[in-house]
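Right, one structure below, let's go through it.
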Amino acid sequence: MMKTAKRKIAVLLTGVMHDCLRCVQSLQFLLEDWEVDYFAVLREEFATPDAMAELKAVIPAVEFIIVPQAETENALKPFANFSITPTAVMMWHEIAYAAGRMGKLKQYDLVLRSRYDIFFHHQYLPEINGNASDVWLPGQMSWSGANDMLCVAAPEAFTAYAQTFQRLQYIVAVEEINVPEAIMARSLALASLREQPLDVRFILYRGTLHEQFSDSQLCVMADRDPNQSAYKFDDSEQTAQLRAEYAASVTAMTELEAYFPLHETWHAGFNFYPVEIDERDGSHFRWLGMHGHINRPLNRHATGISFQINFSVPGWNLSDLTVLVDGVPVTLDVTSVDELGRPQVSGRFTRPPSRRPWSKIGFSSKRQVVPSAIGENPHDHRALSIAISDFKVLEAVKPAAVAGKHAR
């Protein structure tokens, strides 16, 4: 069978390169299906050898675009008497400056621009199909207009998006708009660009605050309350107590969920119930009612799934369970039983999943029991079937990364 060639995408990284390595790794996973060329923009005053070497260690083939300090100073001068922040001016100047130095953008299927400090949810880039007037922007953190931290577009639309700097003086001076998200929305309108929703979930990564949390916890945060990550940790009124309170709130929101994330922002009726702890060994499980689903990024190496059944209701057996991946049933088998009598179940895919940004693994049970109705637990009125844990995606061995331009 002939292999399908990967589509090409150019990635433009902008902003200040603080705590970026963990974020870059999440971006690399997001684009695992793509042939990627990375362009890193740095203002001259931040383009230190150590900073560049640090990024190059993660992305060996990254190309740096250095913005001369004199260019930055000239870009700021027309805005000296306006209330727009210098940071916003420098951001749009960087994007415009870099877009003109990225080579022939038409060789790419898409162009993605991202800040260095965005930590992406464990997902793949969604399917994107549009025309030369479409730009894809995420909905979160766009309080006053349109999100100005991320953009995906075809080359022609991206070029128009990157020319926001050329429209900036008119927007600020004539239309008297200076809020960053409102500037973004107005720029799109002036360029006759059409905003499309980008289903990408993320947080703004702050090493001082977030390095103590696992990747799974950060993904839960990106689902449940990504706006918490916009917390300003470097304000003058910042205190150790406020940092501790922030950490406690994130821990309370993410600690249990991270052991068995559904990658969902809400739980519908008869979905998986909240995480519980198996007192026999401390494992974390979820009860299933009639139907439930889990979203996972499944790549072309995925061959199946496995999970453990911690508990089941009286009379339940494996033939009562149907599992579908992107609508295709998988054949389930018990592969082992542990010392506590818990079956390990596996299911093999008949074809590689290809849904983006996640594949949907659906569970459906023919048999449910309400514990309070059969006298097992008078306080539990849920309709339950099985409790599962240790959910894993099975993968074939990936080929070793090939050294070269696109090695990661």
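Okay, here's what the table says:
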| read-out | value |
| --- | --- |
| Pairwise label distance in nanometres, residue 320 with residue 350, each label 7 Å out on the Cα-Cβ vector | 2.5 nm |
| Amide H contacts of residue 391 (H built 1.01 Å from N, under 5 Å, at least 5 apart or other chain) | 308 |
| Answer label, with mean projected area of the Cα convex hull in nm² calculated from the coordinates and candidates (1) 21.3; (2) 24.1; (3) 20.2 | (2) |
| Distance in nm between pseudo-label sites at residue 337 and residue 301 (7 Å out along the Cβ direction from Cα) | 3.4 nm |
| Long-range HN-HN contacts of residue 303 with modeled amide H, under 5 Å | 394, 395, 396 |
| On Cα atoms only, tilt of 180-190 relative to the major axis of the chain in degrees | 70 degrees |
| Charge context of residue 331, other residues only, Cβ under 14 angstrom, K/R +1, D/E -1 | +1 |
| Whole-angstrom gap from the stretch 305-336 to the stretch 117-182, using each part's C-alpha centre | 43 Å |
| Selected from 344, 196, 212 as most flexible by GNM, with the chain as the system and alpha-carbon contacts under 10 Å | 212 |
| Added length on full extension, which subtracts the Cα-Cα distance from 0.36 nm per residue, residue 54 to residue 252 | 68.0 nm |
| Amide H within-cut-off set for residue 290, under 5 Å, with H built and near neighbours excluded | none |
| Under the Karplus curve 6.51 cos²θ - 1.76 cosθ + 1.60, θ = phi - 60°, whole-Hz ³J(HN,Hα) for the stretch 338-346, x wherever Gly or Pro sits | 7, 5, 9, x, 8, x, 9, 10, 10 |
| Residue-span extension gain [residue 46 to residue 81] - 0.36 nm each, minus C-alpha spacing | 10.0 nm |
| Spin-label pair residue 6/residue 104, simplified geometry with 7 Å Cα→Cβ offset, distance in nm | 2.1 nm |
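Computed from the coordinates by the stated procedures, all read-outs in this text should not be read as laboratory data. If you're wondering where the values come from, they're calculated on a predicted model, not measured in any experiment. Reconstructed Cβ throughout: ideal geometry from the backbone, glycine too, with neighbour counts over all protein chains shown.
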